[in-house]
Amino acid sequence: MQLFTFLTDISPWWWIAFGIALGVVEMATMSFFLIWPALAAIAVGLFLIVAPGTSGEIQIAVFAILAVVLTFAGRYLLHRFGETDGASDNLNSRANLMVGRHAQVQEFIGPEGSVTVDGVRWHAVWQNGTSSKRGATVKIIGADGMSLLIEPED
């Protein structure tokens with residue numbers, strides 16, 4: 001009994017459409033996993049253009065093998081040659097993104113107070129324990145949680 005006989009006379013465009021549908025789902029979910037089975041489905045469609053009449057079992061086997069191989073190869077290549085500049089290290093740490101910028105002092109009582117950066121108020125701590133008057137410009141030199149570490153501007 002052949003389980004996938006209905007695939008024997010299928011048009012290659014069905015596989016290509018399936019691959020595009022997987023690609024659309026990938027774009028909607030951004031999981032970066034479905035892109036590899038999508039490419040495998042498109043490859044099976046191209047294979048059927050070259051070899052029409054291939055049995056359904058062979059089509060499914062080629063799709064499964066290609067999906068697994070492309071998934072592992074893609075993950076390996078992304079790990080090896082992917083983004084390595086560290087840009088995503090601060091993705092969930094807005095305070096770390098402020099380091100190196102300048103801020104305006106709002107108020108300080110002792111070594112702690114608040115500053116504004118682009119109109120957003122932040123808790124700040126003077127690095128050397130001193131303080132400054134309202135309106136002074138300071139440099140952000142670090143972050144500790146959601147507190148900015150600041151020093152006087154040079």
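Some values worked out for this structure:
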item: Cα centroid separation, the range 125-154 to the range 54-83 (Å); result: 52 Å
item: Leading residue at positive end of dipole, the chain (Cβ point charges), from Thr29, Ala41, Leu148; result: Leu148
item: Extended-chain gain in nm, criterion 0.36 nm per residue less alpha-carbon gap, His123 and Ala136; result: 3.1 nm
item: Projected-area average for the chain over all orientations - Cα convex hull basis, square nanometres; result: 13.8 nm²
item: Distance between modelled label sites at Gln104 and Thr116, nm, 7 Å Cα→Cβ extension; result: 0.5 nm
item: Paired Rg and Dmax values of the range 94-152, which use every Cα atom, in angstrom; result: 9.6, 25
item: The range 148-153 - phi-based ³J(HN,Hα) in whole Hz, Karplus 6.51/-1.76/1.60, Gly and Pro as x; result: 9, 9, 10, 9, x, 6
item: Long-range amide H partners of Glu107 with built H, under 5 Å; result: Ser114
item: Over the range 26-87 - Rg/Rh using Cα atoms and the Kirkwood inverse-distance radius; result: 1.11
item: Hz values of 3J(HN,Hα) by residue in the range 61-72 - Karplus curve (6.51, -1.76, 1.60), Gly and Pro given as x; result: 5, 5, 4, 5, 5, 5, 4, 5, 5, 5, 5, 5
item: Rel. contact order, % - alpha carbon contacts under 8 angstrom, at least six apart, the range 5-81; result: 37 percent
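Read-outs: derived from the displayed coordinates by stated rules, not from any lab. If you're wondering where the values come from, they're calculated on a predicted model, not measured in any experiment. Cβ coordinates were reconstructed from backbone atoms using ideal geometry, including for glycine residues, and neighbour counts include every protein chain displayed.
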